[in-house]
1. How many of the residues in segment 52-102 are surrounded by 11 or more Cβ atoms within 10 Å (Cβ to Cβ), modelled with pLDDT under 90 and among the acidic types (Asp, Glu)?
2. For segment 154-169, which positions are among the aliphatic types (A, V, I, L, M), part of a helix (DSSP H, G or I) and either open to solvent by 100 Å² or more (accessible area, probe 1.4 Å) or over 15 Å from Leu144 (Cα atoms) (or both)?
3. Considering only segment 119-153, state which residues are out of contact with any Lys or Arg (no Cβ under 7 Å at 6 or more places or on another chain) and either open to solvent by less than 60 Å² (accessible area, probe 1.4 Å) or at positive phi (or both).
4. Hey, any hits in segment 93-115 for a residue that's within 19 Å of Glu46 (Cβ to Cβ), in contact with a helix residue (DSSP H, G or I) (Cβ under 6 Å, 6 or more places away or on another chain) and assigned to a strand (DSSP E or B)?
5. State all residues of segment 1-39 that are open to solvent by 100 Å² or more (accessible area, probe 1.4 Å) and hydroxyl-bearing (Ser, Thr, Tyr); if no residue qualifies, say none.
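The values are calculated or read from the model by the stated rules, or taken from the named source; none is laboratory data. What you are looking at is a predicted structure, and each value in this text was computed from that prediction instead of being measured. Counting neighbours? That spans all protein chains shown, and the Cβs are built from the backbone with ideal geometry, glycine included. These area figures cover heavy atoms from the full protein model, side chains too; ligands, DNA and RNA do not enter into them. Shrake-Rupley method; radii C 1.70, N 1.55, O 1.52, S 1.80 Å.
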Amino acid sequence: KKENKVWQLDISVVPFENYYKDPTGADLYEMEDSYVDFFQIERMSEGPDAIYEPEEVAKLKGQFSSPSTDRETDRARETGQNAATKNSRNKVKITDIWGSILDEQGNLIYENVVCTVANDQYVIRKPTENPNWHGESPYLACPLIDFPPATNGIGLMDAPANLNSAQNEM
């Protein structure tokens, strides 16, 4: 048997509540929260092409995380799946950060890098140069209606929703 890995485009829809953009509008960084099985993180810290630090990943053993029950309930409502089933898989919260990093004084110390934080405390991927051939962020945020002062744009029903709520109250 021979493995032949062929390049394929991977497009994933990131839920809005898991995507964070620089709120100042300066586009310094973008972040994404996700929950990944521990064995996948361990696998990505092994071998010659490892992207995660093995010493930091080892610290994660036994410190598993899971999305909040509110988020699980919301996701169950969205997908129509039963939220009562217990998830026994060992998940780790991963925060991927793309962009520039400043120090406490506001000085630029890293520009156009990617780094990864696990469980909000372990830096398992130190700031490294952006690995994408185009040198840009891997995210494409597409609001339905672009609203220049806002960083996130607005949806079609954002404006009439407030009017509808007021009418319901009256």
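1. The qualifying residues number 2.
2. Ala161, Leu163, Ala166
3. Ile124, Arg125, Pro127, Thr128, Asn130, Asn132, Gly135, Ser137, Tyr139, Pro143, Ala150, Gly153
4. no
5. The answer is Thr24, and nothing else.
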